[in-house]
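The values are calculated or read from the model by the stated rules, or taken from the named source; none is laboratory data. Every value quoted in this text rests on a predicted model; they were computed, and no experiment measured them. Heads up, the Cβs are rebuilt from the backbone with ideal geometry, glycines too, and the neighbour counts pull from every protein chain shown. The area values use the complete protein model at the heavy-atom level, side chains included, leaving out ligands, DNA and RNA. Shrake-Rupley method; radii C 1.70, N 1.55, O 1.52, S 1.80 Å.
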Amino acid sequence: MRRDGKTKRDGDRESGRKAPSRTKGHCKPSAIKYLQRHKACSISPTITITGGTAINSRTYKGAGVDIEAGAALVEAIKPLAGETARKGILGGLGGFGGLFDLKAAGFCDPLLVAATDGVGTKLRIAIASGHHETIGIDLVAMCVNDIVVQGAQPLFFLDYFATGRLDVETAKRVLGGIAKGCTEAGCALIGGETAEMPDMYGEADYDLAGFAVGAVERPRLITGETVAAGDVVLGLQSNGLHSNGFSLVRQIVADAKLAFGDACPFDESRSLGEALLQPTRIYVKSVLDALDNGKIKALAHITGGGLVENIPRVLPAGLTADIDATAWPYPALFRWLAKTGGVPTAEMARTFNCGIGMVAIVAPEGADAVAARLREGGEIVHAIGRIAKGRDGPATVRLKGIETAWIG
């Protein structure tokens, strides 16, 4: 169901939730004023169809696609999207594409930065446990954290929600989490798509994809090109698994014969499902604030591949990051997964974030100031290593002390 209340038929797929379309070149002032006057432009016309009665007639609803449920979802999410509004948005839910005014948002010579991601099989835990409120935060976080590492401010977000049978209350809870994540990241939820596809998914199953666009003024782009030997590596603490490695996590849980509703073996205050569903931390506002002093040379979002695969992505060739695993506390969650699942430390290091969700590489003279600024923004920060000269060729990571810090 296109979330403007209109139906796009594409096989069994219904799509939509889109905002006013983009135009080539510059909009005429009169067109901009029209859009601003009609921000709530999602108008569902009354349609009367007569005739067409047939013997043994079929309906779309009978085939498994409920147009009325889609329309109800559109109405339910309008206020959620409205709460994410920010400077630069033109129009609201209802058109065919989203329109954003970079000049109105305060940009002079911007570069656009785009990212897309999903939540992976963390969705299976949300579905199995019936906890749908925070999975949307994960979706936003995985996209906007990838944008901010280049110094960009997330501007707007779109989502794709696909399901076997559209349950409006479940979808509303998921989309409520997406709206919450957008608010936390300072970006607007300007549109999306809902696809009800019977036979593609089980009735209670759903899948998510997210798309975010941000912007950075050209001189403020973070590329990592100036990273040099001697620079300090700061680690920003994660608040859990975030959204990677869940196929392995679910296998460990199943082999241990645990249910997601059982008491959590590493956190007595909540169930296992609640602990595993802790939403991915959004680092956007604290990192953007810390960029002001110009001392951050590179940033890395620690997702799939862990520290060993993500840090080299932002380092020039010929350098290595010497990381001391004893420099931060190894969370009980990861210790439990390793012990219960018999997962070697090297495999843990390249699968999970292991307690560090974001890395900042900083000039030595600015390390203390950047760390202090990040802490003021609510981050737990550890000095976890240094950049050193490595072998010729691609950048690398040397992760030291894992046998000491991560076993026991």
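Considering only region 155-163, I want to know if a residue exists there that is in a helix (DSSP H, G or I), modelled with pLDDT of 95 or more and buried (at least 23 other Cβ atoms within 10 Å of the Cβ). Scanning region 155-163 turns up no residue that is in a helix (DSSP H, G or I), modelled with pLDDT of 95 or more and buried (at least 23 other Cβ atoms within 10 Å of the Cβ). Filtering region 164-207 to residues that are touching an Asp or Glu at 6+ places or on another chain (Cβ under 7 Å) and either of a type in the set (A, V, I, L, M, F, W, C) or not in a strand (DSSP E or B) (or both) leaves Gly164, Arg165, Leu166, Arg173, Gly176, Gly177, Ile178, Ala179, Thr183, Ala195, Met197. Taken over region 211-220, the criterion of being touching a strand residue (DSSP E or B) at 6+ places or on another chain (Cβ under 8 Å), open to solvent by 20 Å² or more (accessible area, probe 1.4 Å) and farther than 30 Å from Gly64 by Cα is satisfied by Val213, Glu217, Arg218. When Gly106, Gly97 are checked against the criterion of being over 15 Å from Cys187 (Cβ atoms) and either open to solvent by 30 Å² or more (accessible area, probe 1.4 Å) or not in a helix (DSSP H, G or I) (or both), Gly97 stands alone in meeting it.
Of all residues in region 177-210, those being open to solvent by less than 30 Å² (accessible area, probe 1.4 Å), under 22 Å from Pro279 (Cα atoms) and either more than 16 Å from the chain's Cα centre (by Cα) or aromatic (Phe, Trp, Tyr) (or both) number 1.
Contact map, region 381-408: residues that are assigned to a helix (DSSP H, G or I) paired with residues that are loosely packed, with under 15 Cβ neighbours inside 10 Å, Cβ distance under 8 Å, separation 6+ or inter-chain. Pairs shown: Ile402/Ala346; Thr404/Thr326; Ala405/Thr326. For the residues Asp255, Asp289, the requirement of being open to solvent by 50 Å² or more (accessible area, probe 1.4 Å), closer than 22 Å to Asp368 by Cβ and of a type in the set (Asp, Glu) singles out Asp289. For the residues Ala128, Ala141, the requirement of being part of a helix (DSSP H, G or I) and either of a type in the set (Asp, Glu) or open to solvent by 10 Å² or more (accessible area, probe 1.4 Å) (or both) singles out Ala128.
Of all residues in region 221-252, those satisfying the criterion of being out of contact with any Ser or Thr (no Cβ under 6 Å at 6 or more places or on another chain), farther than 30 Å from Asp109 by Cβ, surrounded by 21 or more Cβ atoms within 10 Å (Cβ to Cβ) and not β-branched (Val, Ile, Thr) are Gly235, Ser238, Leu241. Within region 368-380, residues that are basic (Lys, Arg) and at pLDDT 95 or above reach partners that are outside any loop (DSSP other than H, G, I, E, B) and open to solvent by 70 Å² or more (accessible area, probe 1.4 Å) with beta carbons closer than 9 Å, at six or more positions or on different chains, in the pairs Arg373/Asp292.
Quick check: is even one residue across region 319-328 under 26 Å from the mean Cα position of the chain (by Cα), closer than 26 Å to Glu274 by Cβ and surrounded by fewer than 22 Cβ atoms within 10 Å (Cβ to Cβ)? There is at least one residue in region 319-328 that is under 26 Å from the mean Cα position of the chain (by Cα), closer than 26 Å to Glu274 by Cβ and surrounded by fewer than 22 Cβ atoms within 10 Å (Cβ to Cβ). The helices (runs of 4 or more DSSP H) located wholly in region 264-361 that include 1 or more residues which are of a type in the set (Asp, Glu) occupy 272-276, 284-290, 306-310, 345-351. Going residue by residue through region 167-176, is there one that turns out to be closer than 16 Å to Gly70 by Cβ, touching a strand residue (DSSP E or B) at 6+ places or on another chain (Cβ under 8 Å) and open to solvent by 10 Å² or more (accessible area, probe 1.4 Å)? Yes: one or more hits. Annotation: Glu169 fulfils all but one of (1) closer than 17 Å to Leu73 by Cβ; (2) in contact (Cβ under 8 Å) with a residue 12 or more places away in the chain; the unmet one is (2).
Filtered by the rule that a residue be buried (at least 18 other Cβ atoms within 10 Å of the Cβ) and either of a type in the set (A, V, I, L, M) or modelled with pLDDT under 90 (or both), region 85-94 gives Ile89, Leu90, Gly91, Gly92, Leu93, Gly94.
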